[in-house]
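Taking it in order: structure first as structure tokens, then the write-up.
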Amino acid sequence: MTERRYSEDEVAAIFERAAEAQQTARRHLPPGEGMTLADLQEIGREVGIPPELVAQAAQSIYEPSRQPSRRFLGLPIGVGRTLDLDRRLSNAEWERLVVDLRETFDARGTVTTEGSFRQWTNGNLQALLEPTETGHRLRLRTVNGNARGLMAAGLGLLGVAAATLIAMVLKGRLADFGGVAFLMSMGLGMFGLGALRLPRWARRRRHQMEAVAARLALAAQSPSSTDTPPAIDKPTLEA
């Protein structure tokens, strides 16, 4: 007997009903019940996701402080990600991390060493490797300086326009309102130009940092190829 094949309309209807059933089951899930990490990892295996990545993603949910976000007037002006490792990275692992950073952010950057601290920087984008009691901690952070500058300049022009308008009202010189209107339009334009690019930029940077952290966490699950910590004999090394 041949296996039945579903038409395009039937496939759409099947998945629509399955999604509705999933939402219903989720709403009726009793408090305190849900899926364990082992359940999530088993589902991940079925779709080809390594258990280690599932565990790393699950851990990140319960560590909101590990994902700092700087805001300016409610907009994400800066994002970051912190990852604690249970062991120290070797020289070779640090070098592979630098390669991953360069490929992920499409930037060469500069590598520097200060004592037992290492960092890779490219403008406002920073990756800091710090020693801890149990291993290493990686801090990823960046700030959109261009957007912040545009928004600050826009607010400054709006402030000048407002002060000028108040002075004109007090002196009864509203005939010169054209200049004030120009300043206000320039201020709004600059502020809007900086603000509009922030949400998309923040999402992209956050996803990139999460990807770097996930790959590093997965690589750190295996024993280090060498027990030698990152070298500290060279004070500065240009990338």
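A short reminder: the numbers here are calculations on the coordinates, not readings from a lab. In this text the structure is predicted, and so the values were computed from the model without any measurement. Every residue, glycine as well, gets a Cβ built from its backbone with ideal geometry; the counts of neighbours run over all protein chains shown.
Derived scalar couplings between HN and Hα for region 138-147 equal 9, 10, 10, 7, 7, 9, 7, x, 5, 5 Hz in order, rounded to whole Hz, by the Karplus curve 6.51 cos²θ - 1.76 cosθ + 1.60 (θ = phi - 60°), x for Gly and Pro. Between Arg215 and Thr112, full extension at 0.36 nm per residue minus the direct alpha carbon distance yields a gain of 34.9 nm. Among residues other than Asn146 with Cβ under 14 Å from its Cβ, the summed charge is +4 (Lys and Arg +1, Asp and Glu -1). Taking 0.36 nm per residue of separation and subtracting the current Cα-Cα distance, fully stretching the chain between Ala152 and Lys171 would add 4.0 nm.
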